[in-house]
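The values are calculated or read from the model by the stated rules, or taken from the named source; none is laboratory data. Note that the coordinates shown come from a computational prediction; the quantities given were computed from them, not determined experimentally. Methodologically, a virtual Cβ is constructed for each residue, glycine included, from the backbone with ideal geometry; neighbour enumeration extends over all protein chains shown. For accessibility, only protein heavy atoms count, side chains too; no ligands or nucleic acids. Shrake-Rupley method; radii C 1.70, N 1.55, O 1.52, S 1.80 Å.
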Amino acid sequence: MFSLLGVPVDAAYHLVSGFTGVLTPVLGGLAAVAAIIAVTMAVRVVLMPLSLRALRGQAVQARLAPQLQALRQRYGKQPERLQREMSALYKREGTSLFAGITPLLLQWPFLSVMYLLFRSPQVGGKPNTLLSRDLLGVPLGMHWLGGAGPASLQGAVFLGVFALLAALCWLSARLGRLMTAQASGAQAAPAGTGLLVRALPYLTVVIAAFAPLAAGIYLLTSLAWSLAEREFFRRSAAAPAVPEVPAHRKTLTAGNGQP
């Protein structure tokens, strides 16, 4: 996979490195961290139309879930009829089964390039100098269990990143339940009782625990952006539409001298 994405990773490396050089006179040792955050946010801004499209598709899937379940119960023993009925339902709603999946898949190459950049010790056959920078004295290329270990000051920096990631994962899971309930018109569903269901939202924390600090900062920034996008979409979907006043009502109102 890395060889396939080698060229874009190299291009992203030069972009982040160049931005780090621009920020160094102002931010000093924090320039690389600021560049990682800024470039990650810039990429997420570019991908935002795809993200919002995916959220719309997921909302439609949640709204149609009761109807789809009813169709499965009714035509479960007739696979061909079930497929026709489901296709007809999607067609009436102007959507498809992949409406919430395709935009996510289209984002995957861009996000993979960024993640590979911040976890690869070499880029284009040369050392990844971004990982030689540091955050509060901790090299961005260091792993949590490397160096002085988790019980040191360096370990405390990692634990701070993990704590922030865990908080964002919790908020994301809670917001996901609220959005599903909002789309389906039901009350917010409680958290799953199974261990795997409860642990799955925190997979990002596990990934960060085995990645360099730079990758952890990238994951933290990207997850925070995703959470902000979901909240923006939820509030936009919940906002009541303002009915347009017909032209003849506007004329009557103006004629009566009312504002």
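Selection of first residues in segment 150-172 that are farther than 15 Å from Val206 by Cα and of second residues that are surrounded by 16 or more Cβ atoms within 10 Å (Cβ to Cβ) and among the β-branched types (Val, Ile, Thr), restricted to Cβ pairs under 7 Å at least 6 apart or on distinct chains, gives the following pairs, ordered by first then second residue: Gln154/Val138; Val157/Val138. So for segment 12-24 (the condition being surrounded by fewer than 20 Cβ atoms within 10 Å (Cβ to Cβ) and more than 19 Å from Asn128 (Cβ to Cβ)), does at least one residue qualify? Within segment 12-24, not a single residue is surrounded by fewer than 20 Cβ atoms within 10 Å (Cβ to Cβ) and more than 19 Å from Asn128 (Cβ to Cβ).
Taken over segment 54-89, the criterion of being in contact (Cβ under 8 Å) with a residue 12 or more places away in the chain and over 25 Å from the mean Cα position of the chain (by Cα) is satisfied by Pro66, Gln67, Leu68, Leu71, Glu85, Met86, Leu89. Would you be able to say whether some residue in segment 123-131 is crowded, with 18+ Cβ neighbours inside 10 Å, within 25 Å of the chain's Cα centre (by Cα) and outside any loop (DSSP other than H, G, I, E, B)? Yes: one or more hits. The one condition from (1) open to solvent by 30 Å² or more (accessible area, probe 1.4 Å); (2) touching a residue at least 12 places away in the same chain (Cβ under 8 Å); (3) of a type in the set (D, E, K, R) that Arg44 does not meet is (1). Taken over segment 175-196, residues that are closer than 21 Å to Gly57 by Cβ and modelled with pLDDT of 65 or more amount to 9.
Kindly indicate whether any position in segment 197-217 is assigned to a helix (DSSP H, G or I), open to solvent by 70 Å² or more (accessible area, probe 1.4 Å) and either at pLDDT below 80 or more than 23 Å from Gln107 (Cβ to Cβ) (or both). Yes: segment 197-217 contains one or more residues that are assigned to a helix (DSSP H, G or I), open to solvent by 70 Å² or more (accessible area, probe 1.4 Å) and either at pLDDT below 80 or more than 23 Å from Gln107 (Cβ to Cβ) (or both). Within segment 1-20, being free of Cβ contacts under 8 Å to residues at least 60 places away in the same chain and in contact with a helix residue (DSSP H, G or I) (Cβ under 8 Å, 6 or more places away or on another chain) holds for Leu15, Phe19. Residues that are open to solvent by 30 Å² or more (accessible area, probe 1.4 Å) and not hydrophobic (A, V, I, L, M, F, W, C) within segment 80-94 comprise Glu80, Arg81, Gln83, Arg84, Glu85, Ser87, Lys91, Arg92, Glu93, Gly94, listed in sequence order.
Within segment 113-122, being touching a helix residue (DSSP H, G or I) at 6+ places or on another chain (Cβ under 8 Å) and either aliphatic (A, V, I, L, M) or open to solvent by 40 Å² or more (accessible area, probe 1.4 Å) (or both) holds for Val113, Met114, Tyr115, Leu116, Leu117, Arg119, Pro121. What do you reckon, is Phe110 touching a residue at least 60 places away in the same chain (Cβ under 8 Å) and either touching a Gly at 6+ places or on another chain (Cβ under 7 Å) or open to solvent by 70 Å² or more (accessible area, probe 1.4 Å) (or both)? Here the answer is yes, as Phe110 does meet what is asked. Restricting segment 81-122 to residues that are among the polar types (S, T, N, Q) and either modelled with pLDDT of 90 or more or not in a loop (DSSP other than H, G, I, E, B) (or both) leaves a set whose member that is farthest from Leu71 (Cα to Cα) is Gln122.
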